[in-house]
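Written out below as structure tokens is the structure these notes cover.
The values are calculated or read from the model by the stated rules, or taken from the named source; none is laboratory data. Fair warning: this is a prediction, and the values are worked out from it, not measured in the lab. Ideal geometry is used to build each Cβ from the backbone, glycine not excepted, and the neighbour counts take in all protein chains shown.
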Amino acid sequence: MAISFTLPTIQNWSCHNCGGCCRQHAIEVTEEERQRILSQDWTANDGTPTGDSLFERHAGPPWAKRYRLAHQADGACVFLNEQGLCRIHAKFGEAAKPLACRIYPYAFHPAGKQVTVSLRFSCPSVVVNRGRSMKQNADEIKQLARAVVPEGHERMPPPALSNRERVDWSDLLRINDAIDATMAPTDVPITIKLQRALFWLNLIEQSRFDKLSGARLTEFLDIIQQAADEDIQPMADGRWPMAEIPTSLGGVQFRLLTAQYARKDTAADLSSGWRGRWKLFRAATKFARGRGNVPALQPIFREVPFESLDQPFGLPTESEELWTRYFRVKVQGLHFCGPAYYGVPLVEGFQSLALIFPATLWIARWIAASQNRTQLTAEDVSQALTISDHHHGYSPIFGSFGFRRRVRTLVQMGEIPKLIQWYAQ
């Protein structure tokens, strides 16, 4: 199958065997993969369980059982060895691993006649842009794509533009390219680029497109992008406007959203039963109130006062490059709407994607405060992004009615630009 790709050329990646993905992901396997692993005859001498103990029942009725790889007591995959390497890979080669393991951290999304390639920033090597260029990885990417991109992908319809409007692939990609163009300049702060994109996408959401396409759409995009640039710019003295304080209701919605990003849902966490669910319920109640200490949702955090995380921590200048690259990789790869993000329309998908910025900075502040610091470092931001992007687009709760309603509430209240500014202070 010949596939034409759009690669994120601004991004580099190679695996550096940190083992992080083997500790935080639950890997579902097909029946074919399960039988193949069973036929590999693992024994106690290999350092693994044997037979069906290599798997955990995941879900499904008795006649359609679903399985995932078992995990060790510390949450690590049963095949992860003491050196942080995969035993299957070491003994039988990469091709013998489950497909989900081989694909990570790539993500493939149909885009008309093209297939876009994105990456997951839950991988630390992606975050720090470490490794080979995507062009150098092109052959590997093509081999993986043949295994995951369905036949007839070019006939898949484009994501909706908004809740009431649809356009064809060519026009949807025009609008997506315009988002990328807004996020591209390196001499504009990421906070301003996000607010400009949200500004003109709000106009897109209010517009009708039955007679607006092709060259006329391009002209319209130029006009509204220029309007965003003129409306959101420095003051006369060159300073950017002061951050507006989010409302109390906006703060409640934002904290609950951020708590979803800060959770650690490993296989061990997911199988913790009613005690784990009760613990999460109690934590959600505390996040909604926003008083007292923040409940530590995973070992990297300690309990600190909620109010301490609303003080200015600063945004490291080194993080500007990371944020620009992050949003451009997600946008270029359509990794924020349609099939890649719970089937949501493009405008809503970008609004949700934009919220990952203040949510990640809140988590970064929590990391710093847990170490008795009141100033963010670039490492805090990088580490926080691996935590938040682990969930974005992959945890079912983010596609739920409740979560989507929370995003819409923040949009309708005009809170997202405030949150972006407030947590970048």
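See the values below:
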read-out: Test: residue in region 371-383 that is in a helix (DSSP H, G or I) and under 28 Å from Thr6 (Cβ atoms); value: yes
read-out: Region 229-255, residues that are within 24 Å of Ala184 (Cβ to Cβ), modelled with pLDDT of 90 or more and not in a helix (DSSP H, G or I); value: Ile232
read-out: Residue within region 363-380 that is modelled with pLDDT of 95 or more, buried (at least 24 other Cβ atoms within 10 Å of the Cβ) and within 12 Å of the chain's Cα centre (by Cα) present; value: no
read-out: Residue in region 215-223 that is among the small types (Gly, Ala, Ser), touching a Ser or Thr at 6+ places or on another chain (Cβ under 9 Å) and at pLDDT 95 or above present; value: no
read-out: Selected residue (criterion: surrounded by the most Cβ atoms within 10 Å (Cβ to Cβ)) from residues of region 384-425 that are assigned to a loop (DSSP other than H, G, I, E, B) and on the phi < 0 side of the Ramachandran plot; value: Tyr423
read-out: Filter pass, Val347 being within 22 Å of Pro105 (Cβ to Cβ) and assigned to a helix (DSSP H, G or I); value: no
read-out: Every pair of residues 6+ apart whose Cβ atoms lie under 6 Å, when the first sits in region 158-172 and is more than 15 Å from Gln351 (Cβ to Cβ) and in the same structural domain as Ala340 (by TED's automatic domain parsing) while the second is assigned to a loop (DSSP other than H, G, I, E, B) and β-branched (Val, Ile, Thr); value: none
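Table: residues versus (1) crowded, with 22+ Cβ neighbours inside 10 Å; (2) in contact with a Gly (Cβ under 8 Å, 6 or more places away or on another chain).
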{"site": "Phe287", "(1), (2)": "no, no"}
{"site": "Phe301", "(1), (2)": "no, no"}
{"site": "Asp310", "(1), (2)": "no, no"}
{"site": "Arg328", "(1), (2)": "no, no"}
{"site": "Gly333", "(1), (2)": "yes, no"}
{"site": "Val344", "(1), (2)": "yes, yes"}
{"site": "Gln351", "(1), (2)": "yes, no"}
